[in-house]
Amino acid sequence: MSNRRKRYREVADVIRDRIARGEWRPRSQIPSQTEMAKEFGLSGGTVSDAIAHLRERGYVWTLPHKGSYARPAEDWREEHS
């Protein structure tokens, strides 16, 4: 696994855990990619990859120019990779 792939999966895991624990409630906006890039000390592209990974699995949805939002647990899909 490449370094970038490993990092985006680690970020995705943190975001997923925060959603699962209720730190970010269903249908609430999660922090921006810029804010998370600063928090994790990573590029915006890496955080963007993490958000895309979670979007594919039903943990978040994204509205262009608005941000990403946590989905309720019933929308989550099982991890396959």
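Miscellaneous remarks
- Residues in segment 8-18 that are touching a helix residue (DSSP H, G or I) at 6+ places or on another chain (Cβ under 8 Å) and basic (Lys, Arg) were compared, and the one that is surrounded by the most Cβ atoms within 10 Å (Cβ to Cβ) is ARG16.
Residues are listed down the side, and each one gets a yes or a no for (1) more than 20 Å from ARG7 (Cβ to Cβ); (2) among the aromatic types (Phe, Trp, Tyr):
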{"residue": "ILE30", "(1), (2)": "no, no"}
{"residue": "GLN33", "(1), (2)": "no, no"}
{"residue": "MET36", "(1), (2)": "no, no"}
{"residue": "THR46", "(1), (2)": "no, no"}
{"residue": "LEU54", "(1), (2)": "no, no"}
{"residue": "VAL60", "(1), (2)": "no, no"}
{"residue": "LEU63", "(1), (2)": "yes, no"}
{"residue": "TYR69", "(1), (2)": "yes, yes"}
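- Segment 19-54, subset loosely packed, with under 13 Cβ neighbours inside 10 Å and of a type in the set (Lys, Arg), residue farthest from ARG71 (Cα to Cα): ARG21
- Looking across segment 39-81, the residues that are in contact (Cβ under 8 Å) with a residue 12 or more places away in the chain, among the small types (Gly, Ala, Ser) and not in a helix (DSSP H, G or I) come down to GLY58, GLY67, SER68, ALA70.
Readers should treat all values here as calculations from the given coordinates under stated rules, not as data from a laboratory. The model shown is predicted, which means the values in this text are computed figures rather than measured ones. For neighbour counting, all protein chains shown are included, and Cβ atoms are generated from backbone atoms with ideal geometry for every residue, glycine included.
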